[in-house]
Structures are given as C-alpha cells and as structure tokens.
Amino acid sequence: MSEKVLMKGAEAIAESAIRAGCMAFFGYPITPQNETPEYFSRRMPQVGRVFLQAESEVAAINMVYGAACTGTRVITTSSSPGISLMQEGFSYIANSNVPCVVVNVMRGGPGLGDIAPAQADYNQATKGGGHGDYHSIVIAPHTVQEAADLMFKAFGLADKYRIMVVMLMDGLMGQMMEPVEFREWVDVKNNKIPVWATAGQGKRARRNIITSLEILAEGLEKMDIALQEKYTEIKSSEVCCEEYMMDDAEYAITAFGTVARISKTVVDLARERGIKAGLIRPVTVWPFPEMVFKKRAEQVRFFFDVEMNEGQMLLDVRLSVNGKKPVYYYGRLGGIVPSAEEMLDELEKLVGGKK
Amino acid sequence: METRVIVNEERCKSCNLCVEVCPKKVLRISDRLNPKGYRPVELFDNEACISCGFCYLICPDAAIVEVRRPVKAKA
Amino acid sequence: MIMEKQVIISGFGGQGVMLAGELLAEAGKTEDKFVTFLPSYGPEMRGGTAYCDVIVSDKAIASPVISFPWAAIILNLPSLNKFEPLMKKGGIIILNKTVIPQDVKRKDVRVCKIDAQTIAEELGNEKVTNLILLGAYAELEKTVSIETLKKSLKVFLTGRKEKLIQINEKALDIGAEAAKKYMASRA
Amino acid sequence: MKTLYKVPGAVTDCPTTYCPGCPHGVAHRIIGELLDEMQLTRKTVIVWPVGCSVFGYYFIDTDAVEAAHGRACAMATGIKRTHPESFVITYQGDGDLASIGIAETIHAAARGERICVIYVNNGNYGMTGGQMAPTTLLGQVTTTSPYGREAHANGFPLKVPEMLAVIDGPVYIARASLDSPKHIIQAKKFIKKAFKVQVNDLGFSLVELISSCPTNWKMTPEESLERIRKQVLPVFPIGELKVDEGVA
C-alpha cells in the first residue's frame, strides 16, 4: 500500500513544515496562498503549536523574527505584495543571524498586479530585496513532492547557517494536486533552546543579545565580513541543481520552478524532433549553480533561458556562462504560463537559425 | 397604469432581498433567465404596490432602477 | 507502450468539475499511476467558468498544463467552444447533451453524447451529472477502473456527505452503461 | 407618476463584481446619491484600496486611485493636502482599515485630515475567501479560525469608531448598518453629515457600515442580514459616537 496522499501544493508545504518540526506560523491573508495559512490554522492547534494571523505582513515577519530569536523553527508564507512589505524584517533577520523559513507564492506584478502565477520576484529574493549586503538561501521546487521534501531541507539549512531560507513558488504549484509522500516527523519533544538564543538567560553563564545594530563602522564592517564568510561557505557546499537529459545535449534549456517542469516536456518534444535538448534546473537559485553552467558551456551550442518574468535569472546565467556561448531568453509576463508548444517553437527557431 | 417599480433585469442577481423586505409582497423572482444566468425579480402586482421604496433601498445591484408613485389627478 | 492520458473537465462553477477531476486523480493515484490535477477558475467567486487539467500516466509527468487535450469532459457550451478547437486528433469529447444539444464540428475526434443531466435528475440529484460523465469517460478510455473510482469516493464524501456515496456510485455505473450503449449505437 | 427613488448618475452602468446579496452595492449607491445631491461628483477622488471593493472605480463614476492594502488614508492625505479643493473619500473594508491599515487610519484621524472614511465591516476577509478579520465576532468560524474565534488566542473584535471617538482629531464618527431599509436611510443620513464635515472644511470624519458576507458566512442574503441584527449589532451598536460642534 502506497502512503501517498493527493494534495494541493499549498497544503503539502504546510503539512511538511509541521512534520519538519515547525513550531509556529505567523502570516497575513493574501491570494494566491491562503490555503497554506488556512491549513496551518487547522493543524497547528491539533499538534499543540502556534498559529497566529497577524495584523499585517510587517507585523507577521517581525513575529517570525521574534520567534527566530528564540531558536524556534518558524515559518511565514505570503505572496509578492506581502513579501515586499516583509523586506524590512528580512534585512534585520539577515544581520541578526537567526533562522526562519519564508514561502513566496509569486503572483503577477508590479504593484497590485494580478493573482496569476509569476516568477518576477527572482531578483528581489536572490539579490537581497531589503537594504544592506545580505543574501538568503533561495530554493525553487518544481513539483509538489519536491516542495514537500525541500521544506525539510529549508528548515535544516536555516538552522545550520542561522539564515533565512526562501522557498519560491507560484500559484500553479500551490493549486496543483499531486500525490505526495511525507517524510517521518521530526521529534520535537526534546527541543532545546540553542545557546545563542534569547529566551531568558536561565543557567547560561552569559546573557544573549541579538541585534543588527553596530554603531561603529569598524565593528559593523566586521559583522558584514562575517556574514560574507557565511555566504561563501554556503556557496561552496549548498548549491543544488538538477540536470535532465544533459549528457549528450547540444542545447541547454534553463528554467526554475514551474517553467522548469514545463521545460521537461519541451526537452522530450524536442528530442522527438531530433533536437538534442537538455534542461539545467537550478534548485537553489541562491546560491546559483554557476559551475554547472560553466562546465556545460564547453558542451552545448547555446543556452535557452525561459522564465515567467522579463529575464531575471537570465543575468545569473549570463554571468555564469561568461560569454562562452550565446544565452537566449524567452519569457511571458503578467502571470501567463508559457506552454510547452510555444517554448518548443522558440527553441526550434533558434536551432534553425544557428545550425 | 404605469409600473411603480422599474427593474433592470440585466443587473439583477436574484438575491431575493427585495422580495423579502417588500411589505406588500408584490415582488417575486421570475422564471426568465438574464444573460448572467440569474432569474431577475419582477413586480407582479402593480396595484398593490405602495411605492415605499424598500426594494430600491435594499437592492445591492442598482437593479431596482426607479420607484414611482402615481400622481392623483385633481378633480 | 507508455500510457499518458490528458483530460480536461470543464463547466461552470457549481457543476462539480473540480470534484470529478480530483476523483479521477485520486483513483489514478490509488492504481499507482503518476497523476497531476491542476484547477483553473474564472475571476468570479460564483457562477464563473471552471475547468481542470488532469493527467494520468505510467511515467513521471513533466508539465501539468494541458495545451492540447486528448480527452475532454464537457458540461456546458462555453466549455465546448473553448476546447473543441484544441482537441488532439483521435481524441474524445464526452458531452453533457442535456445542456449542449448541438453537434461537434470536428470530424477527427470521437464524440460521446450523454443526456447526463436528465439522467441525474431521474436519479434524484442533478449534482451527480459530473460523475455520470466521468463514468462514461472511464468506461471508454479505461484510464482507471470504475471500481477504483467508487473506492476513491470515500476520500471526498465524508461526514455529512457520506450518504451521497451510494448515488454517486450509481452515477458512475449508469454513465459507463450509457457510454457503452451510445458507442454500440454508432458502431 | 412622481419619481421617489432613482439610481443616481454617479453609479455607473457596469454591473458589480460582488456576490448576490452583498451590501457593498448599497453603500456604493448611497455614496452615489449623495455625490449627485451635493453636486460633488466632479470634484471627488475616491481612494479604493484592496478588498472586495478593489474594483470600486468601475462602479462609482468619479476620479479614483487604487491604494496598497491598508494605505488608503495615507494616500488620501497626499491628495487632500496637495489639492484641498478636492473632495476625498476612502472606501475601506475591515481587514484593510482595522488590521493592516489601522496605523494610517488612526494617524489620519489624529491629524484631523479633511477626508471622509467609509468603513465597511463584514467581519471577515471576503475577497481572499473568508479569513478571520479584526472584527470577527468571538466564536465565529472563519477559514483561519476553524474552531471559532477565541479571545485567548485571537483577541477581541476591534471597535474602530469607539477608539477614534476618544481622540481629538476626528470631528464626526458614526456607525450605521445596511441590514434593513430603515437602517439604510439612517446610514445615508450619517454619511451625509460626514460629507458635510469635509465640505465645510471641519476635519476628519468616519462612518462604519455594518455589512454582511453571505458567501463566506455560508448563508443566504436574508439569513446574513438576520445575523447582523441578531449577532453583530449587539457587539457593534449603531449610532453617532462623536459629533463635534458645527456638524450639521
């Protein structure tokens, strides 16, 4: 008997977070991710954990910040306009070195935009978004099962590096139902407060202070350098990338999240027509899998970047390929999901033109 | 005799609130379908209508466009 | 040969389009197949167009989005207008004839017309129209078995809705039967 | 025939996007009637922030801006301060005004901004599918209070007019209800006073309108109005809470 359950992506990430030991959720309603907080609101009380609907996203992320300072596994979920409001908190969290997980179910923008699936918050997520020199780890699942699995990884990475981990999704991934197999529950019975956390001094020898403030420039520079060292370590050990049919590929499609999934169909269709295409799918979009692109630049004729934005990951691809091979782009804006057929058309045009 | 309650059938969403508040019960949901798929309200007893305007006041869709009262001809 | 069935179920909100799609996906999952279910809604909260993409496959499913459906279960006219031009050659349209009396123009797709809403009313519940058509689909395409669909009903109809299981099971059977008859009459 | 009631010209021909029986349309019509009667339509700017009434500018025929969620009073301040001759209204829901936008609301009130706030309270987030709002009643089930709102976990319903009535900035604060013709007539009276406050350059005014949400309350329109009378009005009593000198 399979233990798989058919579930919406939006609910699967909530269930998975709970199993991964997430003790608290703080958030604020926004479409298209309401199924996630609604699921938390049902389940968290059942397992004796915290669910709280905040008065705004600004408040929600600062509640997350507070909980994170106590070393508690904590999460918030939102969508693009709400994530914009949270940027202040993200910046404070980064310089305070506290762990948390944030899910962004991206919708069409800018401004109020629409509620259709989009990927236009890539730059905001990977380049910082808030003020200051900082990064968050950013992961981009492409199936419901992967989203559920990556939720465990997200909390693990957050704790390991005391960093914010962002899961970039979109409304299509949230609404889609697929069979999911959940991992074993993380045992939270013996949860201990980490030594660095601020939950009262207790038996600790020294009190803890968590702050992002350092008024002396020399002191702040040291803090900033320490942050950068952490990022360097993450870049060297936490890059994750999937390659599909790349062994003999002459053309590399590259995409993340929902578009990457559609791209697998494009690869299959292209190969039926004799075009040796493959897919490079960054799973972590920060740190970006630069080396994979660098290596494949020796092999393929060109890269074909497809996104639901105006070409945001494109820049990272170009930097990684560093001029060795052409990098072409195709994208849809405003919340339109490109079809496999239109992507294939574009690819065929490029192949035809470059043969 | 002119009608006392003028309904814009295209705007009606069959919410039934006017039927409910009408003190004389002279409104009802009709059998017709408007383009949106709703059955619009209709005044079926003009004579009994007292032009109180309750239907106009409660209508959320400006579908009760106008409420009128006959002017008595001076003898 | 690898089987991958791409089905669109379409109607207006309230016709049980989503339930039929989820049920098909659940049954596929129960038969250890790969499945995806992707809903799309119109902008209105009530009364808008609603359709869903369901894929049932022997192998891992790449894109969950269906551009050109192999099968379409069509509950109202706007849905037929939308999906008829997109159907794959040789695919099948299963029509709710009660609401859509007109013919399908395409000659390169198979059509199965079932007076589903009338049958549902005769059964005593207009709301099982969706499952009559789903039963017909399952009978014709063998994507999943009627038995598994029946078993899967228990996942969705719980608590107060449990009493609806029987009539829904019946709807699946009657739909399958009607499809057989319709196809025999055409043969 | 003598016309007693007629849909005002300030209400557009565009059918509303609201669910059947949703009183938003009644509030729109009252505003439209007053804009017509007071000849304000041409100088009015309505600030429509996020909520079910996010598309309000399709339904009332005035200049309009779309504010970010909760920020209507701040945006209205910007308009009114730079164009004092304009007539500025914000049209906000309870999630928008009382939750994410409570700071902007309180400070606009405290500053005595010469704007009119129409505050529609239906006790939940209608547009996003019925989540708990600051105004959700104790015990009320919503999609994020699935076991009923409980004071210990979720706090108490927030009474905005009562809060604003104790600060000095506002000139006119009232609460009305859209549950019956009688109360709708009263609501119009209150809103008219609020509008006059701005016309006479007296200061800030706010009228809360108790409304319903048949879809998310999972009730018929009639039942939802009945619920207002039986359950909501005892918690949110109607009446005028602050009427400063000079309010007509």
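Coordinate-derived values only; no laboratory data. Remember, predicted model here, so these are calculated numbers, not experimental data. Positions of Cβ are generated from backbone atoms using ideal geometry, with glycine treated the same way; all protein chains shown enter the neighbour counts.
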Inset, instruction - Would you mind listing how long the range C:67-187 runs along its three principal axes, going by Cα atoms, in whole Å with the largest first? - result: 44, 29, 26
Inset, instruction - Answer rounded, prolate or oblate for the range B:5-67, using the Cα gyration tensor with square roots of eigenvalues a ≥ b ≥ c: rounded when a/c is under 1.5, else prolate when a/b is larger than b/c, else oblate. - result: prolate
Inset, instruction - Filter the GluC sites (Glu not before Pro) in the range A:247-355 to those in DSSP coil with at most 16 other Cβ atoms within 10 Å of their Cβ, and list the result. - result: A:GLU250, A:GLU298, A:GLU310
Inset, instruction - Return a whole-number percent for the relative contact order of chain A, with Cα pairs under 8 Å and 6 or more residues apart as the contact set. - result: 17 percent
Inset, instruction - List the pair-distance distribution P(r) of chain A, using every Cα-Cα distance, as the percent of pairs falling in each 10 Å bin from 0 up to the bin containing the longest distance, rounded to whole percents. - result: 5, 25, 32, 23, 11, 3, 0, 0
Inset, instruction - Would you mind calculating the relative contact order of the range A:1-107 from Cα pairs under 8 angstrom and at least 6 residues apart, reporting the percent as a whole number? - result: 28 percent
Inset, instruction - Report the label-to-label distance for C:GLU84 and D:LEU138 in nanometres (one decimal), using points 7 Å from each Cα along the Cα→Cβ vector. - result: 6.0 nm
Inset, instruction - Provide C:SER67, A:SER56 in ascending order of the number of other Cβ atoms located within 10 Å of each residue's Cβ, fewest first. - result: C:SER67, A:SER56
Legend entry - For the protein assembly as shown, calculated [θ]222 nm from helices alone, where every DSSP H run of n ≥ 4 adds -39500 (n - 2.57): -10500 deg cm²/dmol
Inset, instruction - Give the Kirkwood hydrodynamic radius (Å, one decimal) of the range D:112-248, defined as one over the mean of 1/r across all pairs of different Cα atoms. - result: 15.6 Å
Legend entry - Residue exposure sequence - D:HIS183, D:HIS28, D:HIS107 - by fewest surrounding Cβ within 10 Å: D:HIS107, D:HIS183, D:HIS28
Legend entry - Three-way shape label, the range A:242-354, alpha-carbon gyration tensor, a/c 1.5: rounded
Inset, instruction - Using a cut-off of 11 Å between beta-carbons, work out the net charge of the residues near A:LYS295 (Lys and Arg +1, Asp and Glu -1, A:LYS295 not included). - result: 0
Inset, instruction - Of the listed pairs C:LYS29/C:LYS150; D:LYS188/D:LYS242; B:LYS36/C:LYS97; C:LYS82/C:LYS107; A:LYS4/C:LYS170; C:LYS127/C:LYS163, which have alpha-carbon separations greater than 19 Å here? - result: B:LYS36/C:LYS97; A:LYS4/C:LYS170
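For the range C:97-184, which chymotrypsin sites (Phe, Trp or Tyr not before Pro) pass both filters: DSSP loop (anything but H, G, I, E, B) and at most 13 other C-beta atoms within 10 Å?
none
Within the set of other residues whose C-beta is less than 15 Å from the C-beta of C:ASN125, count the net charge using Lys and Arg as +1 and Asp and Glu as -1.
Net charge in that neighbourhood comes out at -1.
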Legend entry - chain D: translational diffusion in µm²/s, Stokes-Einstein, Kirkwood Rh over Cα pairs, 10 °C, 1.306 mPa s: 89 µm²/s
Inset, instruction - For the range A:165-177, just list the computed ³J(HN,Hα) in residue order, Karplus coefficients 6.51, -1.76 and 1.60, θ = phi - 60°, integers in Hz, with x standing in for Gly and Pro. - result: 10, 9, 9, 8, 10, 8, x, 5, 5, x, 7, 5, 9
Inset, instruction - Note down the net charge around D:GLY9, summing +1 for each Lys or Arg and -1 for each Asp or Glu among other residues with Cβ under 14 Å from its Cβ. - result: -3
Legend entry - the range C:1-133 - Rg and Dmax from Cα coordinates, angstrom: 14.4, 42
Legend entry - Per DSSP, loop GluC sites (Glu not before Pro) in the range D:59-168 with at most 12 further Cβ within 10 Å: D:GLU85, D:GLU150
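What is the order of A:HIS131, A:HIS142, D:HIS24, fewest Cβ neighbours within 10 Å to most?
Fewest-to-most Cβ neighbours within 10 Å comes out as A:HIS131, A:HIS142, D:HIS24.
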Inset, instruction - Work out the FRET efficiency for A:ASN208 and D:LYS230 from their Cβ-Cβ distance, taking R0 = 51 Å, and round it to the nearest 0.05. - result: 0.45
Legend entry - Mean separation of Cα contacts under 8 Å (6+ apart) over length of chain B, as relative contact order %: 41 percent
Inset, instruction - Please label the shape of the protein assembly as shown as rounded, prolate or oblate, based on the square roots a ≥ b ≥ c of the eigenvalues of the alpha-carbon gyration tensor (a/c under 1.5 means rounded; beyond that, a/b larger than b/c means prolate, else oblate). - result: oblate
Legend entry - Distance (nanometres) between label positions extended 7 Å along Cα→Cβ at B:LYS25 and A:GLU310: 6.3 nm
Inset, instruction - Check the range A:251-353 and count each lysine pair with an alpha-carbon distance under 16 angstrom, considering only pairs eight or more places apart or from different chains. - result: 6
